[in-house]
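The values are calculated or read from the model by the stated rules, or taken from the named source; none is laboratory data. Keep in mind it's a predicted model, so treat the numbers as computed, not measured. Please note: Cβ atoms are built from the backbone with ideal geometry, for glycine as well, and neighbour counts cover all protein chains shown. Please note that ligands, DNA and RNA were not included when accessible areas were found on the heavy atoms of the full protein model with its side chains. Shrake-Rupley method; radii C 1.70, N 1.55, O 1.52, S 1.80 Å.
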Amino acid sequence: MKHISILGSTGSIGTQTLEVVRQNGDIVVDALAAGSNILLLFEQIKEFCPKLVCVFSEEKAKELKEILLKGEYKTEVVAGMDGLVACATVESAQIVVTAFVGMIGIRPTIEAIKAGKDIALANKETLVTAGHIIMPLAKEYNVSILPVDSEHSAIFQSLQGNAENHVHKILLTASGGPFRGKTKEELKHMQVEDALKHPNWAMGKKITIDSSTLVNKGLEVIEARWLFDVDADRIQVVVHPQSIIHSMIEYEDGAVIAQLGVPDMKLPIQYALYYPERKGPTAERLDFYRLKSLDFYPPDTETFPALTMAYDALRIGGSMPTVYNAANEWAVAAFLERKIAYTDIVSLIQKQMDVHKVITSPCLDEILETEQRVYAELTSYVK
């Protein structure tokens, strides 16, 4: 039996991870962590009986404790960052699924690595902002970083059996999001409801908005640099609207290896949890007779400049990827609250990148301080 801990159990990746657990029946859930959704977390406690849960909100943690007391549940409830770290380092867990959205996931991931846990990584921000810390640390503690993002899982799978061969290029596929083919003028009028209509994937709100701006693909480019130890010039984004090919590797001899499948996050989640073993299907199988075409296009970086900005942030390095990520996090939240226009998201990211003084090799505290400074500057600017 495998033992796991899930950070972000009430979000999209967290709930799908629990679907995989439910489907296979041979994984023990030792710890769960959520932000504030105690109603869903309570249902998860009843079904999976974790020994420890964290609610990041102190107030909501108290509410959950009262609910559990009434039912005489034995699950311990903790809160805040210390609680997240406790869930990430619970002794019995072998794998920690980091499914929180945002930079909140960095510190628990570091502590999980130090505790010798393998990481099923779904939290992009961890490597985007702290890849220079995380990857050497994982090597030091002999810990595996197992990618959960569909694109990075596809790359990881395409590398199996070819560890000694030289990679010429990573081909990172992108659906193009809900606004593929739109003009700059059309984007000015897009509302929250428009941006949340992804054509292929069912995801959380933040990542869906990121997909529409191509920021998500930009974050994945930076993440790929750290996961697979390649520089920016060897990562190429290819728009593939059908989302059947999840990413590819081109080797030095010209051979291209791809991973294909229906758009379903449970497949990469399951692969990370059971690696190197493959289990039964998580969704419908790919039917090639029903596939009419597989199309590929270059990304429209003139209409969607956020992708180019991500490459710029990666090449500059240091604290610049943190600025790119933090400004986007703030702007997406503001857009979802209807405080800014859709096109303001990318312009605010560029504004912060233009004024930032780069820290060459930031420590964790400097990364978090940079995040807070970006938040404060954007809050003041928009007011």
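Here the mean projected area of the convex hull built on the C-alpha positions of the range 1-150 is 8.1 nm². Among complete DSSP H helices in the chain, those whose alpha-carbon atoms stretch at least 20 Å along the helix's long axis and whose mean Kyte-Doolittle hydropathy reaches 0.5 are 320-336.
Building the convex hull from the alpha-carbon atoms of the range 82-156 and averaging its projection over directions returns 4.6 nm². Positive contributions from Lys and Arg (+1) and negative ones from Asp and Glu (-1), summed over other residues with Cβ under 15 Å from the Cβ of Thr379, come out at -1.
Sorted on the mean count of surrounding Cβ atoms within 10 Å across their residues, most packed first, peptides 153-162, 292-301, 12-21 read 12-21, 153-162, 292-301. Here the peptides 327-333, 352-358, 42-48 are ranked by packing, the mean other Cβ count within 10 Å, and the order with the highest first is 327-333, 42-48, 352-358.
Among residues other than Glu337 with Cβ under 15 Å from its Cβ, the summed charge is +2 (Lys and Arg +1, Asp and Glu -1).
Atom-type composition of the exposed protein surface of the chain places 50 percent of the accessible area on carbon and sulfur (1.4 angstrom probe). Rg and Dmax over the alpha-carbon atoms of the range 35-81 stand at 9.4, 26 Å. Per the Cα gyration tensor, the range 285-375 maps to an equivalent ellipsoid with semi-axes of 31, 18, 14 Å, ordered largest to smallest.
On a per residue basis, the range 263-383 carries 54 Å² of accessible surface, using protein heavy atoms and a 1.4 Å probe.
Is the C-alpha gyration tensor of the range 203-270 telling us rounded, prolate or oblate? Criteria: a/c under 1.5 is rounded; beyond that, a/b larger than b/c is prolate, otherwise oblate.
oblate
Amide H contacts of Val238 (H built 1.01 Å from N, in plane; Pro and chain starts excluded): Leu172, Thr173, Ala174 sit under 5 Å, all sequence-distant by 5 or more or on other chains. Using the Cβ-Cβ distance between Val230 and Cys49 with R0 set to 45 Å, the FRET efficiency from 1/(1 + (r/R0)^6) comes to roughly 0.60. Annotation: the antiparallel percentage among DSSP beta bridges lying fully within the chain is about 25. Note on the chain: with a GNM built from Cα contacts shorter than 10 Å, the maximum mean-square fluctuation among Gly181, Gly218, Gly318 falls on Gly181. Accessible area per residue of the range 47-109 at 1.4 Å probe, in Å²? Averaged over the residues of the range 47-109, the accessible area is 50 Å². Straight-line cross-link partners of Lys114 among the lysines, defined as a Cα under 26 Å from its Cα and at least 8 positions apart when in the same chain: Lys2, Lys51, Lys124, Lys139. Rg and Dmax of the range 172-226, based on Cα coordinates, read 11.5, 36 Å. Average 1/r across all pairs of distinct alpha carbons in the range 110-265, invert it, and you get the Kirkwood radius: 16.6 Å.
Under a Cβ-Cβ cut-off of 11 Å, what is the net charge of the residues other than Val101 that fall near it, where Lys and Arg count +1 and Asp and Glu count -1?
0
Once the Cβ-Cβ distance of Asp287 and Asn200 is raised to the sixth power relative to R0 = 25 Å, the FRET efficiency obtained is 0.95.
Just check the chain against the gyration tensor rule for me: Cα atoms, a ≥ b ≥ c as the square roots of the eigenvalues, rounded for a/c under 1.5, and otherwise prolate or oblate depending on whether a/b exceeds b/c. It comes out rounded by the Cα gyration axes.
Entry note, the chain: the mean residue ellipticity at 222 nm calculated from DSSP H runs of n ≥ 4, each adding -39500 (n - 2.57), is -14500 deg cm²/dmol after division by the residues and rounding to the nearest 500. Under the combined filter of DSSP loop state and at most 12 neighbouring Cβ atoms within 10 Å, the range 116-167 retains these GluC sites (Glu not before Pro): Glu164.
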